Structure formats: structure tokens, C-alpha cells
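The values are calculated or read from the model by the stated rules, or taken from the named source; none is laboratory data. Fair warning: this is a prediction, and the values are worked out from it, not measured in the lab. So basically every Cβ, Gly included, is an ideal-geometry build from the backbone, and we count neighbours across all protein chains shown. Protein only, heavy atoms only, side chains kept; ligands, DNA and RNA dropped before computing areas. Shrake-Rupley method; radii C 1.70, N 1.55, O 1.52, S 1.80 Å.
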Amino acid sequence: RKAFESMTIQPSPVHVQPESEWTVINIHNPVHTTDTPQTQNVTLLGVDVQVRAVPAEFSWTFGDDTGALVTTDPGRAWTRADGDPDPSRVGHTYTRPGTYAISLTTTWHGQFRLTGAPTWTDIPGTVTTTRSADPTTVSEMRSRLVCDDATGRSTC
């Protein structure tokens, strides 16, 4: 347990889409991370042991006082082939303009095994890490009908 609690665990990466410094209100913004365990080799009482941290829960905060989105799903990257971003996927829809910072707190549970052994054994307790993304500016976009063609001449 002490080896797990003192283990250097890199915080989960924060991926926000669109990959930009800005987005617009009322559009679902997918977020995702990885769920890759992190392993460290240690020697305990003269025995080579592997200790690993396994992500168990992801708590996303979006900076707009809407509360945390807590999930066991790391999410996944949106691609153009997906069509419109699906609000049921891990992400967030902003409803007000502003500048917001997204952060991710990952809860890790520990496991250990003798080096080379096939079976992992759970370690009681959890450890958390937190990482934040650069702030995102959220704007409101409005459409406006105009009567100019591409050359700038009036077509009304």
C-alpha cells in the first residue's frame, strides 16, 4: 500500500474538442482521456514487485459552475465520420459566453504482483490526480442575412 501511495502517477491527459482556444455556446464539446494503467517496478523486502495504478473514475469540471461530470468512461475523440457531436458522449455544452478552464480529476486504484506473475492483487485505497486544460473562450454566434455577393456588389 505504501508503494502505491508513494508511486509517481502522471495525471491523465485532458483532450478537449474542438482543439481550439475557443468554442461556441449550445454546441456539445467532446472531451476524452486515456484509461491506460501506469506500472512501476519496486523491490519490497528483497522481492521484485510490480505496482500499478489503474484509472477507476474520471471527474470532469468545466469551469461554469454546472457541477462535475463523473464517469468510468474515459470518452473518445470525435471524428468527422461521427457526424454532429453526440450529447450522450462524454463532454459538455456551454450555455453562457465566458472563459472557462476544464479540469480532470482521475481516481486510481492500486494493484500489485510479483514481477512476472500473471495475477494482479488489489491494494486497498485510492489515489487522485488532477490536470487542467488551457482556458477556453466560449462565444455566442449569430447569423445575419446579407445581400452582397462574393464581389461585394449588392444583389438585393
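Testing the spin-label approximation: label points 7 Å from Cα along Cα→Cβ at Thr66 and Glu19. State their distance in nm.
Each label point lies 7 Å from its Cα, and together they span 2.3 nm.
Divide by every residue of the chain the summed helix terms, -39500 (n - 2.57) for each DSSP H run of at least 4, and state the resulting mean residue ellipticity at 222 nm, rounded to the nearest 500 deg cm²/dmol.
The helix-only estimate for the chain comes to -500 deg cm²/dmol at 222 nm.
Would you kindly derive the ³J(HN,Hα) couplings of segment 86-103 from the backbone phi angles with the Karplus curve 6.51 cos²θ - 1.76 cosθ + 1.60 (θ = phi - 60°), listing them in order in whole Hz, with x for Gly and Pro?
Rounded to whole hertz, the list is 8, x, 7, 7, 4, x, 8, 10, 7, 10, 9, x, x, 10, 10, 10, 8, 10.
Would you calculate the separation in nanometres between label points at Arg113 and Lys2, each defined as 7 Å from the Cα along the Cα-to-beta-carbon direction?
Each label point is offset 7 Å from its Cα along the Cβ direction, giving 2.5 nm.
Compute the distance from the alpha-carbon center of segment 134-148 to that of segment 1-59, in whole Å.
With segment 134-148 and segment 1-59 each reduced to a Cα centre, they are spaced 35 Å.
Which residue, Trp120, Val70, Ser132, has the largest displacement toward the positive end of the dipole of the chain when charges sit on each Cβ (Lys, Arg +1; Asp, Glu -1)?
Result: Trp120, furthest along the dipole toward the positive end.
Using a probe of 1.4 angstrom, how much of the accessible area of the chain is carbon and sulfur, in percent?
Result for the chain: 51 percent of the exposed heavy-atom area is carbon or sulfur.
Kindly sort Leu145, Leu114 by accessible area of their heavy atoms, largest first, with the probe set to 1.4 Å.
On the way: Leu145 175, Leu114 100 Å².
In descending accessible area the options line up as Leu145, Leu114.
What distance in nm separates the simple spin-label points at Arg131 and Ala56, each placed 7 Å from Cα in the Cβ direction?
Here the answer is 2.1 nm between the modelled labels.
Relative contact order (percent) for the chain, with alpha-carbon contacts under 8 angstrom and 6 or more residues of separation?
Taking the mean separation of contacting Cα pairs over the length of the chain, I get 30 percent.
When the label point is put 7 Å from the Cα of Asp73 along its Cα-to-beta-carbon vector, which residues of segment 25-39 have a backbone N closer than 16 Å?
28-35, by backbone N distance to the label point.
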